[in-house]
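This report refers to the structure that appears directly beneath it.
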Amino acid sequence: MSQETKQSAVSEEQEKNEFAELLDKQFDSSNEKKVGDVVEGIISEIRKDENRVMVYIEGEKRESPISIGEILDIKGDLLYQKGDTIKVVIVGFTKNGTYRISHSKYRESEAVKKYIETNGVDNLIGQTINGYIRRVSPKGYTILYKDMPFFLPHKCAFLVNRDGRKLDQTKKVRATIVSVHPEKNLIVVSRKKYIKDEIRKRKEMVDEILKQEVVQAKIIKVLKEKLIVSIDKQIEGYISNDEVSHKGKIHNLYRLFKPGEVVDAKAIGYDEKDRILKLSIKALTVDPWIEIQEQVEVGDIIEVTVSHVLKYGAFVDVGNGAEGFLHVSEISWDKRIESPQKYLKQGDVLEVEVIEIDPEQKRLRVSRKRLLPKPFEVFKQKYKKGDIITGKVVDIADFGAFIQVTDQIKGLLRNRDYDWDRNSTCKDHLKKGDEVEVKITIIDDENEKVWLSRKALLETPTQQFAKTHKVGNIVKGTIRDIKDFGVFVTIDNNVDALIRKEDIPSKQFEELKQGDEVEAVIVHLDPKRDKVRLSITRLEKKRERELLKSINAKNSDKNTLGDILKDKINL
């Protein structure tokens with residue numbers, strides 16, 4: 001026998017001795033009839049209006065009253081009539097010397113007597129009762145169980161309110177039978193011992209459960225962050241949401257579990273303060289991250305199943321109990337994925353590339369788009385610089401418009417590439433959704449950008465100009481810009497022409513300024529290369545020749561040089 005067991009036995013023996021002393025004091029009286037004695041009396045009067053019955057006991061000068069309720073059956077009918085003999089228990093004495101008696105206590109005492117005789121003293125010791133508080137006295141409580149009274153001393157009660165005024169008498173109290181007194185029809189119980197025994201039993205059960213590899217836990221309640229369970233209907237426990245799976249915290253326990261369901265788990269600890277067992281479901285399975293760490297590397301291509309789709313990506317089942325994450329940016333090359341649900345659904349089986357592994361944080365990131373053809377490469381295989389395509393306007397900015405030319409490729413149509421009119425802008429002529437035919441002018445491999453032009457499909461101002469003009473024609477224009485090598489002149493509806501410095505008289509060149517109107521002759525016209533060149537000097541020479549020609553024509557009838565000179569002199 002252990003020291004603890006010996007001390008417990010000594011303590012129980014002391015309690016029994018104290019109970020005996022308490023009972024001796026309770027029933028000690030110098031009167032002929034003592035408290036606790038059973039006597040016979042005769043019902044002398046039943047006063048229904050006063051709710052009491054008067055009982056005459058032989059040898060007494062006065063009658064003693066009892067409550068009328070003590071002689072009523074369950075239906076409320078009288079069990080006795082006036083003149084009947086009735087047995088009562090003396091429970092005390094009044095100031096005038098009469099007895100305080102009780103018939104119900106007699107009946108309870110008889111029930112206790114029969115209960116003791118039927119079960120035996122030794123068999124009753126250690127049994128547990130679960131009854132209601134019936135009465136409270138200075139010495140303890142009367143607990144009613146199976147219509148029998150059991151005595152619970154204050155020192156063994158572990159009840160908060162000793163006076164009993166605020167005790168909830170509808171609540172049951174569990175206690176252990178610690179002593180039986182047949183001679184007094186008394187059974188003494190101890191709630192203190194019951195609690196000690198329960199704590200000991202619970203500790204033994206918990207120790208045993210902690211040793212087991214697997215226990216079956218019945219789910220009582222499903223909460224947001226844990227499952228409340230019971231083991232063998234006696235030990236309560238919980239499984240937190242981070243002990244359900246190696247995937248990490250489970251935020252949808254309501255979807256996975258229901259009250260009444262039985263799950264296999266392993267006990268991993270016990271909270272002494274709250275007296276609750278901590279269990280784990282994942283402790284029964286091998287950590288899949290060990291396998292991932294050993295067998296999977298960044299860059300590996302693996303097959304996964306979509307388990308849950310969110311607005312910012314999707315969780316994927318790797319297949320061994322672990323979960324990976326496919327971010328929305330890694331689903332497709334499309335840079336504007338507003339809803340991953342358009343691309344993925346629960347149950348989809350995908351091939352993905354592993355892009356990050358962090359076993360300590362239990363994080364596995366994968367990419368689907370890296371296994372898909374890159375849209376820019378597909379575009380380059382299908383299109384080249386100079387190709388003409390039709391696209392849809394998807395966005396308009398101050399500097400131009402973005403044109404969707406394929407499902408995932410957009411090109412930029414700048415304002416200056418929209419029309420040959422320098423004052424035209426995309427915003428002036430286009431709106432979202434418009435279709436527009438454009439020419440690919442630049443494919444930027446490094447930056448993966450495409451530049452487009454609409455005006456490249458239109459006749460240039462020079463081409464239109466060439467339809468009505470030719471070399472040698474005289475035109476007027478406005479100086480747009482002055483350079484060291486010459487001036488740029490705008491002529492006839494946005495046509496740019498160059499007058500080189502050597503084609504301008506030196507004195508005149510120094511006096512020219514922006515905005516001046518000049519007249520010159522076309523000396524070069526190349527519509528294909530969009531080039532027009534003018535000359536003021538040649539215009540002057542041309543006019544001199546024309547003047548000379550005119551003079552020659554006027555004087556064509558003169559035969560000699562002398563005649564001509566003579567005419568000039570006469571002028």
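Bear in mind these aren't lab numbers, they're just calculated from the coordinates by the rules spelled out. None of the values given here were measured: they were computed from a predicted structure. Cβ sites come from the backbone with ideal geometry, for glycine too, and all protein chains shown count toward neighbours.
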Rounded to the nearest 500, what is the 222 nm mean residue ellipticity of the chain from helices alone, with -39500 (n - 2.57) per DSSP H run of 4+ residues and division by all residues?
-7000 deg cm²/dmol
Taking every C-alpha to C-alpha distance in the stretch 461-545 and binning by 10 Å from 0, the per-bin percentages run 19, 55, 25, 1
Provide the per-residue ³J(HN,Hα) series for the stretch 386-397, in order, calculated from phi with Karplus coefficients 6.51, -1.76, 1.60 and θ = phi - 60°, each as a whole number of Hz, with x at glycine and proline positions.
x, 5, 9, 9, 10, x, 10, 5, 10, 7, 10, 10
So what's the Cα pair-distance distribution over the stretch 291-371, bin width 5 Å, in %?
3, 16, 30, 26, 16, 7, 2, 0
For the stretch 387-538, what percent of Cα pairs sit more than 21 Å apart?
54 percent
Just the Cα atoms of the stretch 135-248, one point each, no solvent: what log10 I(q)/I(0) does Debye give at q = 0.16 Å⁻¹?
-0.86
Hey, how much of the P(r) for the stretch 375-457 falls beyond 19 Å, as a percent of Cα pairs?
29 percent
Residues Asn423 and Leu310, FRET efficiency given R0 of 45 Å [Cβ-Cβ distance, rounded to 0.05]
0.35
Counting only C-alpha contacts under 8 Å and six or more residues apart, can you give the relative contact order of the chain as a whole percent?
5 percent
Cross-link pairs beyond the 23 Å C-alpha cut-off, checked among Lys224/Lys258; Lys345/Lys380; Lys427/Lys449:
Lys345/Lys380
Please compute, over every Cα-Cα pair in the stretch 59-199, the percentage with a separation greater than 20 angstrom.
54 percent
Using the eigenvalues of the Cα gyration tensor, what equivalent ellipsoid semi-axes result for the stretch 290-337 when each is taken as the square root of five times the eigenvalue, whole Å, largest first?
22, 13, 8
Express the Stokes-Einstein translational diffusion coefficient of the stretch 411-462 in µm² s⁻¹, to the nearest whole number, given a Kirkwood radius over alpha-carbon pairs, 37 °C and a viscosity of 0.692 mPa s.
279 µm²/s
Set of lysines near Lys171 by C-alpha distance (under 16 Å), chain-local residues within fewer than 8 positions excluded
Lys146
Where does each of Thr142, Thr478 land when they are ranked from fewest to most other beta-carbon atoms within 10 angstrom?
Thr478, Thr142
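Please report the antiparallel percentage of DSSP beta bridges with both residues in the chain, rounded to the nearest 5.
Of all bridge pairs located within the chain, approximately 90 percent are antiparallel.
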Take the alpha-carbon centre of the stretch 180-212, take the same for the stretch 345-398, and report the distance between them in whole Å.
70 Å
For q values of 0.17, 0.22, 0.27 Å⁻¹, compute log₁₀ I(q)/I(0) with the Debye formula on a Cα-only model of the stretch 38-106, without solvent.
-0.54, -0.91, -1.34
Taking the stretch 286-384, which trypsin sites (Lys or Arg not before Pro) meet the DSSP loop condition and have no more than 11 other C-beta atoms within 10 Å?
Lys311, Lys335, Arg336, Lys345, Lys384
For the chain, the percent of all C-alpha pairs falling in each 20 Å bin, from 0 up to the bin holding the max distance, is 13, 21, 15, 15, 12, 10, 8, 4, 2, 0
Would you kindly state how much longer the chain becomes between Asp232 and Thr118 on full extension, computed as 0.36 nm times their sequence separation minus their alpha carbon distance, in nm to one decimal?
37.8 nm
Which is the longest part of the chain that has none of the GluC sites (Glu not before Pro) sitting in a DSSP loop with at most 13 other Cβ atoms within 10 Å?
59-212
Starting from the Cα of Ile442, step 7 Å along the direction of its Cβ; do the same at Arg543; then give the gap between the two resulting points in nm.
4.4 nm
Between their Cα atoms, which of Lys34/Lys184; Lys455/Lys528; Lys211/Lys233; Lys439/Lys528; Lys507/Lys549 are more than 21 Å away from each other?
Lys507/Lys549
